[in-house]
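The values are calculated or read from the model by the stated rules, or taken from the named source; none is laboratory data. Computed from a predicted structure; not experimentally measured. Don't worry about glycine lacking a Cβ; one is built from the backbone with ideal geometry, like all the others, and counts go over all protein chains shown. When the accessible area is computed, the model is the full protein with side chains, heavy atoms only, and any ligands, DNA or RNA have been set aside. Shrake-Rupley method; radii C 1.70, N 1.55, O 1.52, S 1.80 Å.
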Amino acid sequence: MALTKIGVIGAGMMGSEIALVMALAGKHVRLTDRDQASLDKAMANLGGVLDKGIQRGFYKPEDKTRALGGIETTLDLGLYRDREAVIEAVFEDEKIKGETYRKLDAIVGPDCLLMSNTSSIPITVLSSYWPAARRGRFLGTHYFSPVSRMALVEVIPGLDTNEAAVTDAFALCTEAGKTPVRIKDVVGFAVNRLIHIFWIEAIRLVEEGVATPEDIDTACRLGMGLPVGPFRLMDGVTNNLTLDVQEILHKAYGDRFLPRPLMKQMVKAGYNGRKYGRGWYKYDKG
Ligand SMILES: NC(=O)c1ccc[n+]([C@@H]2O[C@H](COP(=O)([O-])OP(=O)(O)OC[C@H]3O[C@@H](n4cnc5c(N)ncnc54)[C@H](O)[C@@H]3O)[C@@H](O)[C@H]2O)c1
């Protein structure tokens with residue numbers, strides 16, 4: 001039976017748009033965060049995402065009414081007691097996620113499907129913050145940014161996740177218009193391992209003076225059919241986050257993920273990307 005009552009915890013960049021795709025799929029969504037200001041900001045951002053989507057023809061005006069009407073924001077986690085599935089998208093911090101699970105455990109029913117959008121913490125490690133009886137229904141669902149546009153979800157079962165939970169997560173992602181792929185619980189899952197090898201080599205090309213970031217982006221768009229080149233994409237993701245992930249991958253897999261010196265310089269200088277006014281490109285701030 002389809003899961004229809006969805007809870008999302010963390011209304012940041014990822015959680016807010018996960019709530020959006022669920023509401024667009026006709027789900028009833030509760031969205032929570034630490035404070036009202038974060039929830040208000042998230043709803044205002046979603047209004048902007050929908051308006052832009054309507055202009056570009058991705059959405060119809062009635063989708064906006066339906067989607068925003070389908071998301072109820074709340075600061076009261078107690079209201080999650082009726083949720084059939086909960087997706088956690090709080091900060092990438094094991095302790096904060098663990099504390100969130102501890103609170104949720106006292107609230108949701110025993111059959112609730114529990115998912116984390118973590119991008120780098122092993123699911124089996126996060127699973128250990130749940131009591132043993134919950135671990136069968138807990139797994140990773142790794143969405144990609146911007147969630148409203150990117151179709152992929154990596155579905156990552158942990159050591160104790162049961163097959164029914166995997167099936168339910170696949171169904172939920174599919175209903176939300178996404179394409180799930182099953183990935184083993186390894187550091188970086190699959191897409192981050194691929195993309196960081198590519199980005200590290202792109203930076204190496206710049207360090208060697210082989211081509212400029214602009215020309216490499218052009219080459220990747222026109223020669224590889226990518227919608228956006230690596231430097232423009234790193235500026236969107238932010239260089240500080242990119243470096244953090246590369247350090248995690250380096251620790252797990254060794255020198256093939258060694259972060260490049262130029263990347264470290266950029267981050268030290270605060271040239272972290274679009275929202276900082278400067279990254280590999282220069283931007284108007286604001
Ligand atoms: N940014 C990306 O491109 C991306 C991609 C895939 C996965 N992720 C993962 O998704 C998760 C969220 O990332 P994001 O980029 O949306 O971060 P973000 O900083 O934009 O949002 C996190 C939100 O969680 C809220 N939050 C923090 N602690 C909370 C708590 N205890 N209870 C309720 N809300 C709390 C924060 O106030 C914030 O609004 C992280 O695990 C991250 O690794 C991020």
Highest mean packing first, using Cβ neighbours within 10 angstrom, the peptides 18-24, 139-145, 202-208 sort as 18-24, 139-145, 202-208
Diffing the stretch 80-91: the Karplus 3J(HN,Hα) column from phi (6.51, -1.76, 1.60, θ = phi - 60°), in whole Hz with x for Gly and Pro, holds 7, 5, 9, 6, 8, 8, 10, 10, 9, 9, 7, 3
With all protein chains in place and a 1.4 Å probe, D76 shows an accessible area in Å² (nearest 10) of 80 Å²
Phi-derived 3J(HN,Hα) across the stretch 128-141 with the Karplus relation (6.51, -1.76, 1.60, θ = phi - 60°), rounded Hz, x for Gly and Pro, is 5, 7, 8, x, 3, 5, 8, 5, x, 9, 10, 7, x, 10
Amide H contacts under 5 Å for S116, restricted to residues at least 5 apart in sequence or on another chain and with H modeled in the peptide plane, are E88, L139, G140, T141
The lysines whose Cα lies under 22 Å from the Cα of K103, excluding any fewer than 8 residues away in the same chain, are K5, K95
Quick numbers on the stretch 191-275, Rg and Dmax over C-alpha atoms in Å, give 12.2, 34
Burial-style ranking of 158-170, 51-63, average other-beta-carbon count within 10 Å with highest first, yields 158-170, 51-63
Taking a straight Cα-to-Cα line shorter than 24 Å from K52, and setting aside same-chain lysines fewer than 8 residues away, one finds K27, K41, K60, K64, K178, K275, K282, K285
Cα convex hull volume per residue for the chain, in Å³, equals 137 Å³
The stretch 24-71 and the stretch 109-136 have their Cα centres apart by a whole-number Å value of 27 Å
One would report the antiparallel percent of DSSP beta bridges in the stretch 5-182, rounded to the nearest 5, as 15 percent
